[in-house]
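Heads up, the thing below is written out as structure tokens.
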Amino acid sequence: MAACGELTMRGILTLLIIVYLIGVGVELAPVVQGQWNSGSASDFASSIARALPDALTWPAKVYRNLTEKV
């Protein structure tokens, strides 16, 4: 049986992963909305592929924005 601390750590990690993936989705939402009906599937996939590296770094952008205002 898992210890209470282990279950707590699993819960925290799960929550962090969910928040991270939601943030990636939020960052990709404008690209998806703009490209959904505007072209072929390959155009859609390539626009997602171009936007994905920036979307994956959203925590760094948030951190930079928070520290610049201080």
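Numbers below:
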item	result
Test: residue in segment 51-64 that is touching a helix residue (DSSP H, G or I) at 6+ places or on another chain (Cβ under 6 Å), surrounded by 11 or more Cβ atoms within 10 Å (Cβ to Cβ) and at pLDDT below 90	no
Residue ID - farthest from the chain's Cα centre (by Cα), chosen from residues in segment 1-24 that are modelled with pLDDT under 95, loosely packed, with under 11 Cβ neighbours inside 10 Å and not hydrophobic (A, V, I, L, M, F, W, C)	G5
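The values are calculated or read from the model by the stated rules, or taken from the named source; none is laboratory data. Fair warning: this is a prediction, and the values are worked out from it, not measured in the lab. Neighbour counts are summed over all protein chains in view; Cβ atoms, including those assigned to glycine, are modelled from backbone coordinates with ideal geometry.
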